[in-house]
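Peer 1: First the structure, which I've put down as structure tokens, then a few questions once you've had a look.
The values are calculated or read from the model by the stated rules, or taken from the named source; none is laboratory data. Values in this document were obtained by computation on a predicted structure and should not be read as measured data. Don't worry about glycine lacking a Cβ; one is built from the backbone with ideal geometry, like all the others, and counts go over all protein chains shown. When the accessible area is computed, the model is the full protein with side chains, heavy atoms only, and any ligands, DNA or RNA have been set aside. Shrake-Rupley method; radii C 1.70, N 1.55, O 1.52, S 1.80 Å.
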Amino acid sequence: MSGTEYGAEPDAGTVYLVGSGPGDPELLTCKARRLLEEADFVLHDKLPGPKIIDLLPDDRRKDVGKRAHGDRTPQSEINELLVEHARDGQSVVRLKGGDSFVFGRGGEEAEYLATHDVPFEVVPAVTSAVAAPAVAGIPVTHRDHASSVSFVTGHEDPTKPESTVNWKALAETGGTIVVLMGVTRLPDYTDALCEAGMNAETPVALVERATWPNQQVATGTLETIVEARDTVGIEPPAITVIGDVAGTRDSVVEFLANESGVGAGTDGSAPATRE
């Protein structure tokens, strides 16, 4: 029986690129949870929820996360650690928030491992790009509002000579725009979309730390969302949802059990919850 079959021990010397989902440990896949329990060593980001991190023994894990304007572990160092531990015959989990192949550098790590002849396996997960809006009561597609969705990074590689995100094209395409890692640059891209012709009254929502105990939501429009962000105190990590679907939250939030005891409205008050 190989290490990829259910219930088997992970193969020694293999790296598992594992997504943790949005942060609630109950949203880990069965395979992800099993690999975390059986791995010899786990290299994790800061984005897996605190309850997931708490599942990992201190002596079998290393925090190699990055924070905007904060401590950072260079990607080159992470790559070398993956190879080093695998060549020591260990089964290694590289744990990331969301899905490792959606703005998670999983592709870069896969290429590095392949270049260094290290076997690896990709374990997909629920991406926060879809999960965060969903738990806030916002579908990224809706028959009445959006038949397409675009996923965009709000934090590009700083070494790029210029942005490769075409906000004008996104404004003209229509549908839903989901921006990951875009809290700090929110004024830049909301202005860019308005300048490209998108209606300033287009609904926008920010979802911070979706499924975590301190989840928060701010809602507004392209014109007002920066003020709403500041009123609520939204900080990274957060997802931005732009489009008519963001306006559907108002019709469901009163009955949304996901929000019980967490979140906030744009005025900073607690959201309506279902008793």
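Peer 1: Go through segment 16-67 and report how many residues are under 24 Å from Val118 (Cα atoms) and of a type in the set (Asp, Glu).
Peer 2: Total meeting the criteria: 6.
Peer 1: Then there is this: From (1) within 15 Å of the chain's Cα centre (by Cα); (2) part of a strand (DSSP E or B), pick out the condition that doesn't hold for Glu235.
Peer 2: Every condition holds for Glu235 apart from (2).
Peer 1: Look at segment 84-131 and say how many of its residues are at positive phi, open to solvent by 50 Å² or more (accessible area, probe 1.4 Å) and touching a residue at least 12 places away in the same chain (Cβ under 8 Å).
Peer 2: So the answer is 2.
For every residue, the table says whether it meets (1) among the small types (Gly, Ala, Ser); (2) farther than 19 Å from Ala110 by Cα; (3) modelled with pLDDT of 95 or more; (4) not in a helix (DSSP H, G or I).
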| residue | (1), (2), (3), (4) |
| --- | --- |
| Gly3 | yes, no, no, yes |
| Val18 | no, no, yes, yes |
| Leu35 | no, no, yes, no |
| Leu43 | no, no, yes, yes |
| Leu47 | no, yes, no, yes |
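Peer 1: Quick check, is Thr176 surrounded by fewer than 20 Cβ atoms within 10 Å (Cβ to Cβ) and either among the basic types (Lys, Arg) or under 19 Å from the mean Cα position of the chain (by Cα) (or both)?
Peer 2: no
Peer 1: Among (1) modelled with pLDDT of 95 or more; (2) in a loop (DSSP other than H, G, I, E, B), which single condition is Val83 missing?
Peer 2: So the condition that Val83 fails would be (2).
Peer 1: OK, next. Working only within segment 18-37, note down all residues that are open to solvent by 30 Å² or more (accessible area, probe 1.4 Å) and touching a strand residue (DSSP E or B) at 6+ places or on another chain (Cβ under 9 Å).
Peer 2: Leu27, Thr29, Lys31
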